[in-house]
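Nothing in this text is a laboratory measurement; each read-out follows from the coordinates by a stated rule. These figures come from a predicted structure and were not determined experimentally. For neighbour counting, all protein chains shown are included, and Cβ atoms are generated from backbone atoms with ideal geometry for every residue, glycine included.
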Amino acid sequence: MKVAVQQEDLQLLAKTLQEQLLVEVSSAGVFEVKCAVNKDELMILTQHESDVIVDAQIIFAVIEEVLQSLAPHREQRVQCFLRVFGEQVPYTKCFLVLKQRGGRGNEKAGEARGAEGQYFSPISSSALTYSPSLDKAEEEELFDPFAYAPSLPTSKPASQIKLILLGAALVGIVILGGGAYLLTPPCVMSECKEIQNAEQLKTKSPQLMRRAKSEKELVALQQQLAAASVALNVIPSWSPRSQVSEELKASLSGRSEKINQVVKALQTAYLATQKAQTPAYSLEELQARQHLWRQAIAPLETISPDSELYGLVQGKLLNYRVRLHAVNQQIFVEEKWLKKLTAAKAVANAAENRQATAKSLNDWQKVQSTWLVAINALNSIPRTSPGYQEAEKLLVDYKPKFVAARDRATKERLAIKAYQQAVSTAKQAKVYEQQNQWLAAATYWDQALQTAKQISQDSLYYTQAQSLIEPYSVALKQAQEKVQVVSSLQQTRTDLDKICINEIRICTFSIDNAGIIVRLTPEYDQIRQNNLANPYSENSGSATTVDVTNHLQILREALAVIGENANLSLFLYDSQGQVIYTRTLGG
């Protein structure tokens, strides 16, 4: 920036700086800024009321930022002062060296020389160097840069000389007493580069924190703060600048801690992001990821809106909360499936308990349906669920048990059906017995017996079925005997029919438990009587005539054979009811 000496340019610059200070330092009340040029150096004086407490570092940082934004065309030396209204001497000052933008410039940063001949090395692109406070000797110097007086006096007042002598005496005491300490210990009599660097970093770090866009940038800044803080440890406690050193270390440590808080949160979020690249195979793993996201979010939520890190944090927070919400949803869904898995285990346990005490078809049907409920619940768990693998293992165990329960229920259902069918068939057999339909009765008794025998031995109805076998076997045997008797009687009737009919009906018959009763027909008796009365009658030789005497004898013998075959007594009567022939059992 080429500084114009025209008064109007200086007034415009002063107005610009004053307005910017009011914007950046809202709590500082009203500032008054004056600008002047002395020996080609720009001098800026900022004044404020005595009851206003301001941060000199912020004031100088704002001034430096405004000056740098004006894009200087050559290197420019600037002196900045802070003073209370009514006071003659500023209470602090800083030196700035603004480098030319856009050109190569000197490869080494320019240096600014202070009132005491001290040099301050620039640490930023703007080559900002400043001293945060004036020495006590300089506080006694008069200051009026706008009177175009010579530069601040280089001669040392009496008080400053006394201070130097006192310092020399102190060094002499240290040498005599210890004999081993350096003649010029750090920051006692010589320049204090550590404090200068720390003050510069303290001024620049808020801006660097605001501009940081990534964890890497924050870590780099944190390392600078830590290095500057460690460097201050070389200042001994008896040094006149020890208090300033401690204050700087506290300030740098506070900012480092804030950065560290954010860095740890970012690192935790990175770890959570890496873990999210692979599927979670358990609820515990999902809960661990949830914990990581909460660890990343919690410290970032404590960053207030007026913090230099607020801009960076807010962008991260939105993303992290979205990630946490996604994990929360996964946990919610997984807990639902795990509840289903737990419920399936409970149902399977109930199925095993029912199976151990099952005593009826209804019990086995409940066992079967209970196993089916457990299996269906496990089948509904998706492959993406961490509980899927355990569900698959349980299915390997549960499915065979379900099949066994189903087969047992089927066997019991068939057993009870067979038992009921056997009982029903036996009832029908008894009905046929009452109707003297012994062949049908024997058939039904046989069916009932075979059905009862088919009931499985491990069935609950086996014992009941066994109790049916003996009575059904007896009934079948009796029915079969009856069938034989009936069959025999039928044959007897057939034989009797053949004997009793020979061109004419010779006889009639009936069969009952008493035996076979045969009665000659009146027609046969009439023929027999006529033949006896007139054996040589011409009529007796007709086609219907028989040898009555021989025929009757043959008839008796045939009837005797039939009665013997039927094992029944035989009674032969004529048409008048007179006994002609009798044959009893055993006779």
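Would you kindly state how much longer the chain becomes between GLU49 and ILE501 on full extension, computed as 0.36 nm times their sequence separation minus their alpha carbon distance, in nm to one decimal?
146.5 nm
Step through the residues of the range 480-485 one at a time and calculate ³J(HN,Hα) from phi using the Karplus curve (6.51 cos²θ - 1.76 cosθ + 1.60, θ = phi - 60°), rounding each to whole Hz and writing x for Gly and Pro.
Here the 3J(HN,Hα) series is 4, 4, 4, 4, 5, 4 Hz.
Could you tell me which of the pairs LYS258/LYS316; LYS366/LYS417; LYS316/LYS336; LYS34/LYS93; LYS216/LYS264; LYS345/LYS411 are separated by over 22 angstrom between their Cα atoms in the structure shown?
With Cα atoms farther than 22 Å apart: LYS316/LYS336; LYS345/LYS411.
Pop out the ³J(HN,Hα) list for the range 247-252 in order, Karplus 6.51 cos²θ - 1.76 cosθ + 1.60 with θ = phi - 60°, rounded to Hz; leave Gly and Pro as x.
5, 5, 4, 5, 5, 5
Please identify every one of the trypsin sites (Lys or Arg not before Pro) in the range 468-509 that sits in a loop by DSSP and has no more than 12 other beta carbons within 10 Å of its own beta carbon.
Qualifying residues, ordered by number: none.
Rounded, prolate or oblate: which fits the range 358-481 when a ≥ b ≥ c are the square roots of the eigenvalues of the alpha-carbon gyration tensor, with rounded for a/c under 1.5 and prolate only if a/b beats b/c?
Because a/c hits 1.5 or more and a/b exceeds b/c, the range 358-481 counts as prolate.
Mind listing which trypsin sites (Lys or Arg not before Pro) in the range 374-427 are in a DSSP loop and have 14 or fewer other Cβ atoms within 10 Å?
ARG383
If R₀ is 45 angstrom, what is the calculated FRET efficiency for the pair GLN553 and LEU439, using the beta carbon separation as r and rounding to 0.05?
Efficiency, rounded to the nearest 0.05: 0.75.
Estimate the FRET efficiency between VAL23 and GLU217 by the formula 1/(1 + (r/R0)^6), using the beta-carbon distance for r and 22 Å for R0, to the nearest 0.05.
0.30
Residue by residue, what Karplus-based ³J(HN,Hα) values in Hz, rounded to whole numbers, does the range 401-414 have, using 6.51, -1.76 and 1.60 with θ = phi - 60° and x for Gly and Pro?
5, 5, 4, 4, 5, 5, 5, 5, 5, 5, 4, 5, 5, 5
Could you compute the net charge surrounding PHE85? Neighbours are other residues with a C-beta less than 9 Å from the C-beta of PHE85; K and R count +1, D and E count -1.
With Lys, Arg at +1 and Asp, Glu at -1, the neighbours total -2.
Tell me, what is the FRET efficiency for SER304 and ASN349 to the nearest 0.05, using R0 = 56 angstrom and their Cβ-Cβ distance as r?
After rounding, the FRET efficiency stands at 0.50.
Based on the alpha-carbon set only, what is the convex hull volume of the range 259-360 divided per residue, in Å³?
Hull volume over Cα atoms, normalised by residue count, gives 103 Å³.
Tell me, how many Å apart are the Cα centres for the range 466-533 and for the range 306-332?
Spelled out, the Cα-based centre of one part sits 110 Å from the other.
List the residues whose amide H sits under 5 Å from the amide H of THR521, counting only those 5 or more places along or on another chain, with H placed 1.01 Å from N in the peptide plane.
Distant-sequence amide H within range of THR521: CYS507, THR508.
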